[in-house]
Amino acid sequence: MIILYDFKIDIEEYAAIGTKNKFPVFERCPNCQCVAQGNVHRNGYYWRYGINEEGEFHLPICRFRCLGCKVNISILPSFLIPYFQHTLPMMLDRMSSVLKGEKVKGSRQQLEQHMNRFYERI
């Protein structure tokens, strides 16, 4: 299960803070709504890339696990799109430019692939 969370910081600051970011604490499981105290445990991190105009960042994504329903919960920063490496603001800027008929940075094939994937996941 992926949960988007607004850390109220940008990708550069998130990458610099790393695993010391202030991740949310769950009082109940977002999947099964189990209210048993301490039922949702932090289950480490996985690392993924985030790409924006300034560069490529290696980002920690915090994982939780519910002991009741056994679901894994990933806390994804709100500037990222699930299953995409490019950030949300960058993708929106590129799509906006395409729709306006403006020239876009990057390869045409990559942009077309991103738009197709974006439409599939809406």
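Values quoted throughout were computed directly from the atomic coordinates according to the rules given, and no laboratory measurement underlies them. Treat the numbers as computed from the prediction; the structure is a model and nothing was measured. Positions of Cβ are backbone-derived with ideal geometry, glycine not excepted, and every protein chain shown enters the neighbour counts.
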>> Taking amide H atoms as placed 1.01 Å from N in the peptide plane, list the residues 5 or more away in sequence, or in a different chain, whose amide H sits under 5 Å from that of L76.
In response: I3, L4, Y5
> How far is helix 88-100 tilted, in degrees, relative to the longest principal axis of the Cα atoms in the chain, given as a value from 0 to 90 rounded to the nearest 10?
Replying inline: 30
>> Please list, ordered by chain and number, the residues whose modelled amide H lies under 5 Å from the amide H of N39; skip anything fewer than 5 residues away on the same chain.
In response: none
> Angle, helix 108-121 long axis vs. longest principal axis of the chain, Cα atoms, 0 to 90°, nearest 10?
Replying inline: 40
> How large is the helix-only mean residue ellipticity at 222 nm for the chain, computed as the sum of -39500 (n - 2.57) over DSSP H runs with n ≥ 4, divided by its residue count, in deg cm²/dmol to the nearest 500?
Replying inline: -8500 deg cm²/dmol
> What is the distance, in nm, between label points placed 7 Å from the Cα along the Cα-to-Cβ direction at I51 and at N116?
Replying inline: 1.6
> What is the local net charge at P60, summed over the other residues whose Cβ is closer than 11 Å to its Cβ (Lys, Arg +1; Asp, Glu -1)?
Replying inline: +3
> What trypsin sites (Lys or Arg not before Pro) in the range 57-99 are in a loop by DSSP, with at most 13 other Cβ atoms within 10 Å of the Cβ?
Replying inline: K70
> Where the only charges are on Cβ atoms (+1 Lys, Arg; -1 Asp, Glu), what is the dipole of the chain about its Cα centre, to the nearest 20 debye?
Replying inline: 440
